[in-house]
Amino acid sequence: MDAAAICERIKTHYGDRVRQVELTAKDPWILVDSEAIAEVGRFLHDAEDLRFGALSNLSGVDYKDGGYIEVVYHLYSYPYRHAIVIKVRTPRDAASVPTVECVWKAANWLEREVYDLLGVTFKGHPDLRRLLMPEDWVGYPLRKDFVEPAEYHGISTRRESLLR
């Protein structure tokens with residue numbers, strides 16, 4: 001099934017919760033309402049003609065000028081060998097998206113990484129805590145407005161460039 005057919009299946013079930021579609025991109029994507037992501041994910045996972053059993057990647061992108069963070073889900077179906085990218089947007093100042101960990105177990109650590117580095121809270125996540133940064137770290141390093149502190153617990157965070 002190609003991306004256009006997958007998109008039509010999603011539109012048929014979710015109508016106005018499909019916000020935008022880009023089928024000409026290298027990786028065709030569909031933007032859905034953030035509150036519908038777990039429901040859409042379950043549909044894509046369970047529908048007999050889709051069977052998106054693999055969450056290949058889950059990442060986030062900070063669009064500071066747009067005032068939102070985009071969470072990006074790369075899905076793959078091994079039985080049918082088709083792929084699609086699903087995106088959701090959440091406001092930067094209250095970044096929150098429902099978890100898809102109940103659909104794809106791989107989302108557990110992937111959502112924790114996005115939480116840790118971009119500050120997106122995944123509602124319903126069973127163990128949402130920092131993964132890469134220390135628990136008491138202030139801020140989210142992949143946000144466009146993040147300023148690295150000069151030190152952390154008395155240890156300098158500055159280092160000489162390795163490119164010299």
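None of the figures in this text is laboratory data; all of them are computed from the coordinates on show. These numbers come from a predicted model, not from an experiment. Using ideal geometry, Cβ is built from the backbone for each residue, glycine included, and neighbour counts are taken over all protein chains shown.
In the stretch 139-156, which residues are part of a loop (DSSP other than H, G, I, E, B) and closer than 24 Å to residue 120 by Cα?
To start, the set of residues in the stretch 139-156 that are part of a loop (DSSP other than H, G, I, E, B) comprises 139-150, 153-154.
Of everything in the stretch 139-156, those that are part of a loop (DSSP other than H, G, I, E, B) and closer than 24 Å to residue 120 by Cα turn out to be 139, 140, 141, 142, 143, 144, 145, 146, 147, 148, 149.
Restricting to the stretch 98-115, give me the number of residues that are out of contact with any Phe, Trp or Tyr (no Cβ under 7 Å at 6 or more places or on another chain), among the charged types (D, E, K, R) and crowded, with 21+ Cβ neighbours inside 10 Å.
Result for the stretch 98-115: 1.
Exactly one condition in (1) over 19 Å from residue 93 (Cα atoms); (2) in contact (Cβ under 8 Å) with a residue 40 or more places away in the chain is false for residue 108; which is it?
That leaves (2) as the condition not met.
Show me the strands (runs of 3 or more DSSP E) found entirely inside the stretch 22-132 where at least 2 residues are over 18 Å from residue 143 (Cβ atoms) and of a type outside the set (Val, Ile, Thr). Write out each step before concluding.
Working: elements: 29-32, 54-63, 68-77, 82-91, 96-98, 121-123.
It comes to 29-32, 54-63, 68-77, 82-91.
Residues are listed down the side, and each one gets a yes or a no for (1) over 16 Å from the mean Cα position of the chain (by Cα); (2) under 17 Å from residue 105 (Cβ atoms); (3) not polar (S, T, N, Q):
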| residue | (1), (2), (3) |
| --- | --- |
| 1 | yes, no, yes |
| 6 | yes, no, yes |
| 15 | yes, no, yes |
| 21 | yes, no, yes |
| 24 | yes, no, no |
| 33 | no, no, yes |
| 38 | no, yes, yes |
| 82 | yes, no, yes |
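Counting just the residues of the stretch 120-164 that are touching a residue at least 40 places away in the same chain (Cβ under 8 Å) and under 19 Å from residue 92 (Cβ atoms), which one comes out surrounded by the most Cβ atoms within 10 Å (Cβ to Cβ)?
Taking the stretch 120-164 as the starting set, the residues that turn out to be touching a residue at least 40 places away in the same chain (Cβ under 8 Å) are 120, 124, 142-145.
Now narrow it down to the ones that are under 19 Å from residue 92 (Cβ atoms): 120, 142-145.
Working: 120: 23, 142: 16, 143: 17, 144: 10, 145: 9.
Out of the qualifying residues, it is 120.
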